[in-house]
Amino acid sequence: MAVPVRNISAPGYGDDQPIKTDMRAMSVATSLFFMVGFLTCLNDIIIPHLKSIFALGYGEAMSVQLAFFTSYFVFSYPGGALVDKFGYKKTMVVGLLVMACGAVGFIPAAHFALFPIFLAALIILAAGMTIVQVAVNPYVTVIGPVGTASSRLNLAQAFNSFGTFIAPLFGSVLILGNAPAMITPDRLRSMTEVARQAYRASQASTVRLPYIGIALTLVLLALALAAIKLKTTTGVSQHTQDFRPGAFAEALSRPDSIWHHPWLLFGAVGIFVYVGAEVAIGSLLVNYMGLPQIAGLRESTAAYFLMVYWGGAMVGRFIGSAVLQKVKTGIVLGAAGLCALLLIVISIKTTYTSGLWIQTIDLPHLHRTLYIPKSVPMFSMLAIGFCNSIMFPSIFTLGIQDLGPLTSKGSSLLIAAIVGGALIPKATGILADHSGLHPAFIIPAICYVYIACFGLAAIRRPVASNGLLVDPT
């Protein structure tokens, strides 16, 4: 006979379920989500900048995301091992320090103006972000009632989106805005090796100071986190043996493993295609808006409009956090997937004609006149950011729902699936090199078809149980 038991393996279930959300822990989590979002989105500024400096094709430029997001797959298990050994807080501190090392790596990369050094620095930065996310994503789901885990993770992810919202402004002003005038790839190839390297070093130097500031911020955040005391869900002061993302390989030796849970496996595919689609679109948007048939914008101007894409995700997550308190996750996820698909189709099937809105931005130390094109394909693509908003936290919570003691292993599998951000943008970039950037977005469109189907299928799924049932016999 199956009876409810006190579950020490998956806190947040059964008798261990807290009545209220731990707001102090939530505050720490939101600050980490902010930094992860900020640095991830900054890649969308770095990619077109490096593409111009080194005269790269779209496929070559997507090597940035290939290197960055492959780290999520490679370092998810080591990150889980750190959670297992040291607990949530120490793992987050280690992750922040590794991120700081990656940011420091941009200094020699800019000095020598070598693309491989930039990639190495990004890999180290992403390794630290993986370690942080392996700890913080499941932590948010267990610091409050299980029934509102999706809403809570959406709220935390909203601060991730706030980071992605302001990163384009930061990058446009401090990186692209300070860069010397770009030259054409043909002229770059015609220069002598000495002159070419001097040009590249001059262009790359604009990333040095911003990433020094980022490195110092990460170190200060790590020191502040180390100085405070975080309550674990089991009451153990330091170690967190209860929730171990990254240790899913252990489940292979047990009769019940993560591979016997189809919703988790489908959820992993969902994370793979969602991250891949979001990153592919975000990484190519600056170049996409520069196409004459889309908007014909300069890189520095297009970077401002990138804020609309990531700002939509931020607003959507705040709204989604409230909506998911009342509406089933599957309904919201399915609707978001269908809307994203429709917007891509509209963007692919339309072109920019003519017309501008003129808007003056007057802020301290910033006075710009912004020319806003009346472009249906451009704003259709930007609006996808709003649809993306609730996808990651919704897929994540549907994937780990009712896994009980396998929750930690399932969490690690979902984090590892972020590797989609490496492979799908690379495939999109290669297609863009062969068929053009405009039609290349058919790959993200296919991803949203899957997400919509996953969400619609989840509508009839029972709600999460509040207890873990085991058979004592």
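Every number in this text was worked out from the coordinates using simple rules, so none of it is lab data. It should be emphasised that the depicted structure is a prediction, and the values quoted were computed from it without experimental measurement. Cβ sites come from the backbone with ideal geometry, for glycine too, and all protein chains shown count toward neighbours.
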Task: Stretchable slack from Lys328 to Ala195, in nm (0.36 nm times residue separation minus alpha-carbon distance) - done: 41.9 nm
- [ ] Using amide H atoms built 1.01 Å from N in the peptide plane, name the residues 5+ places from Ile372, or on other chains, whose amide H lies under 5 Å from its own.
- [x] Trp357, Ile358, Gln359
Open item on the list: Sort 125-134, 434-443 by packing, meaning the average of other beta carbons within 10 Å per residue, with the highest value first.
Closed with: 125-134, 434-443
- [ ] Count charges around Val323 for me, please; just the other residues with Cβ under 15 Å from its Cβ, Lys/Arg as +1, Asp/Glu as -1.
- [x] +4
Open item on the list: List the lysines whose Cα sits under 24 Å from the Cα of Lys349, skipping any in the same chain fewer than 8 residues away.
Closed with: Lys374, Lys426
Task: Karplus-derived 3J(HN,Hα), 6.51/-1.76/1.60, for each residue of the range 86-99, Hz, glycine and proline x - done: 10, x, 5, 4, 5, 5, 5, 4, 4, x, 5, 5, 5, 4
- [ ] Answer rounded, prolate or oblate for the range 22-232, using the Cα gyration tensor with square roots of eigenvalues a ≥ b ≥ c: rounded when a/c is under 1.5, else prolate when a/b is larger than b/c, else oblate.
- [x] prolate
- [ ] Step through the table entries Lys20/Lys326; Lys90/Lys229; Lys85/Lys229; Lys326/Lys409, compare each Cα-Cα distance with 21 Å, and write down the pairs that go over it.
- [x] Lys326/Lys409
TODO: Over the range 22-232, calculate the relative contact order: mean separation of alpha carbon pairs under 8 Å at least 6 apart, over the residue count, as a percent.
DONE: 36
Open item on the list: Going 7 Å from the Cα of Ser205 along its beta-carbon direction, which residues of the range 99-135 have the amide nitrogen within less than 18 Å of the resulting point?
Closed with: 106-115
Open item on the list: Show me, for the range 293-302, the HN-Hα J-couplings you get by feeding each phi into the Karplus relation (A = 6.51, B = -1.76, C = 1.60, θ = phi - 60°), rounded to Hz, glycine and proline as x.
Closed with: 7, 9, 7, x, 8, 5, 4, 5, 6, 4
TODO: State the Cα centre-to-centre distance between the range 393-457 and the range 84-146 in whole Å.
DONE: 21
TODO: Subtract the Cα-Cα distance of Ser27 and Gln293 from 0.36 nm times their separation in residues, and report this length gain in nm to one decimal.
DONE: 91.3 nm
